[in-house]
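For reference, the structure is listed below as structure tokens.
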Amino acid sequence: MGQVILDAVLVTLLPCIPTAGGDVMHAMKQSDAGFTGFGEAYFSWLEAGAVKAWKRHSRMTMNLVVPVGRVRFVFFSEADNVFRVEEIGPERYARLTVPPGIWFGFQGLQQPENLLLNLASIPHDPSEAERRNRDEIHFDW
């Protein structure tokens, strides 16, 4: 996959607009940095303490938002053997744009559950992602 730089993960703080009856939490506009097309959007519930790791996409750009709870995302550079950690949720309401080629895993941090939205650049295709067992990349979750 060539050299992958963890600085390529883009963090975009997002607006949360207070309104009567409930806040409006933006996720992404076509004009936003990090938008690389639209393939599908999906939500994933993540139990507190649960870890899903490791995966690397070859073509998909992910745009990750956590409107409920808090999730720790861990990105790994195999070439440099370094990690980058980002935590997002309503208290740090942001979108993570993750280009293809970066190993990542994530963990739910709040009880009882955490909600993750992925605005993916392509539809789900299991053949374009590579997986490793959690113990193959050593990180202290």
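The values are calculated or read from the model by the stated rules, or taken from the named source; none is laboratory data. All values derive from a computational prediction rather than experimental measurement. Every residue, glycine among them, receives a Cβ derived from its backbone with ideal geometry; neighbour counts consider all protein chains shown. The accessibility values were calculated without ligands, DNA or RNA, using every heavy atom of the protein model including side chains. Shrake-Rupley method; radii C 1.70, N 1.55, O 1.52, S 1.80 Å.
Of note:
- Loop-resident chymotrypsin sites (Phe, Trp or Tyr not before Pro) (DSSP state other than H, G, I, E or B) in the stretch 32-136 with no more than 16 further Cβ atoms inside 10 Å of their Cβ: 35, 38.
- Tensor-based shape of the stretch 1-53 (alpha-carbon gyration tensor, a/c under 1.5 rounded, otherwise prolate or oblate): oblate
- Ranked order, 95, 132 - accessible area, probe 1.4 Å, largest first: 132, 95
- For the stretch 129-134, 3J(HN,Hα) per residue [Karplus equation, 6.51 cos²θ - 1.76 cosθ + 1.60, θ = phi - 60°, Hz, x = Gly/Pro]: 10, 10, 10, 9, 5, 4
- Label zone (residue 51, point 7 Å along Cα-to-C-beta; backbone nitrogen cut-off 12 Å) within the stretch 105-141: 105-108, 133-141.
- Radius of gyration over Kirkwood radius for the stretch 72-137, both on Cα atoms: the Rg/Rh ratio is 0.96.
- Added length on full extension, which subtracts the Cα-Cα distance from 0.36 nm per residue, residue 32 to residue 83: 15.8 nm
- Under Karplus coefficients 6.51, -1.76 and 1.60, residue-wise ³J(HN,Hα) of the stretch 117-122 in Hz, glycine/proline x: 10, 10, 9, 8, 6, 9
- In the context of the full set of protein chains, the stretch 17-67 has a per residue accessible area of 57 Å² (1.4 Å probe).
- For the stretch 1-123, with all protein chains in place and a probe radius of 1.4 Å, 54% of the accessible heavy-atom surface sits on carbon or sulfur.
- Average accessible surface area per residue within the stretch 79-123, 1.4 Å rolling probe, Å²: 38 Å²
- By accessible area with a 1.4 Å probe, ligands and nucleic acids excluded, highest first: order of 131, 72: 131, 72
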